[in-house]
Amino acid sequence: MNTEVAPVAEKSGNSTPAGLGAPAERLSARAKLLAAAGELFYEEGVQSVGIEKVIERAGVAKATLYGNFKGKDDLVRAYLAERQSVRQANILARQARVSEPRDKLLAVFDSLADALAQPGYRGCAFVRASAEMRPESAGRAVCDSARQWTRALFTDLARAAGASQPELLAHQLVLLYDGASVSAQMDGDRAGAKAARAVATQMVDAACGKQAK
């Protein structure tokens, strides 16, 4: 799933946070590489883009890339980890605007609508990358983690909202969420998230024994 709007700093063991004594040049080079990889991998696919193209877009030396990443697989993992971090931050920011678990469930679809409205939206970064990566690749674990986080979020909120079968409702909402993303990618339906939210509202209220608002 892809709801990223603006980049946030990636938190990984491969870099030292600013302010803790890491050389500014190293952080700058890593940021350039991640920005270049983010653009190219999302636009063209993780398999289609080679290391040389990322290096050229970032404007750094090959040695700089290998000084920050173990290789392409590690760079793909870092790209997806940053996407995951952004997606989570955007969803949580949307949820922070409301207080009730029911409304927080629906806020996930509001965050998706924000993403679909972006001019460069090309579909879910995790679904696209997953289709290209080998099962044992480092990036696959990030995609799996992203899926697990979304399912757990829906499940916990469904339970808090009083759903009689929270796991079932969460499963249905994930399918609805995925469908809106695919529709935007395949059909150009940028309003799909709003339609999905309307359906989700009915599903949530029915599952929680409430009248639709």
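Computed from the coordinates by the stated procedures, all read-outs in this text should not be read as laboratory data. Quick caveat, the model's predicted, so the values are computed rather than measured. Positions of Cβ are generated from backbone atoms using ideal geometry, with glycine treated the same way; all protein chains shown enter the neighbour counts.
One decimal place: the segment Val182-Ala141 gains 12.6 nm when fully extended, by the rule 0.36 nm per residue minus the C-alpha distance.
The calculated pair-distance distribution of region 99-207 uses every alpha carbon pair, bins of 5 angstrom beginning at 0, and gives 2, 12, 22, 21, 19, 14, 7, 2, 0 percent.
Can you pull out the trypsin sites (Lys or Arg not before Pro) in region 41-70 that DSSP calls coil and that have at most 14 other Cβ atoms within 10 Å? Answer in residue order: Lys70. May I ask you to list, by number, the DSSP H helices of the chain whose Cα span along the axis is at least 15 Å and whose average Kyte-Doolittle hydropathy reaches -1.0 or more? The qualifying helices are 24-44, 72-95, 101-116, 138-160, 166-187, 192-207. Counting beta carbons within 10 Å around each of Met203, Met133 and listing the fewest first gives the order Met203, Met133.
Listed from fewest to most Cβ neighbours within 10 Å, the set Tyr79, Tyr66, Tyr121 follows the order Tyr66, Tyr121, Tyr79. Fully extending the segment from Gln148 to Arg134, taken as 0.36 nm per residue of separation minus the present Cα-Cα distance, adds 3.1 nm.
Treating each Cα of the chain as an identical point scatterer and summing with the Debye formula, the log10 of I(q)/I(0) at q = 0.16 Å⁻¹ comes to -1.04. Under a GNM of the chain (C-alpha, springs under 10 Å), which listed residue has the highest mean-square fluctuation: Gly38, Gly139, Gly120? Fluctuation is largest for Gly120. In this structure, Glu167 and Gln118 have a Cβ-Cβ separation that, at R0 = 35 Å, corresponds to a calculated FRET efficiency of about 0.65. Taken along the Cα-to-beta-carbon direction at a fixed 7 Å, the label points for Lys194 and Ser48 span 3.0 nm.
Note on Val60, Val54: ascending count of other Cβ atoms within 10 Å places them as Val60, Val54, the fewest first. Once you reduce region 156-213 and region 138-152 to the center of their Cα atoms, the two points are 19 Å from each other.
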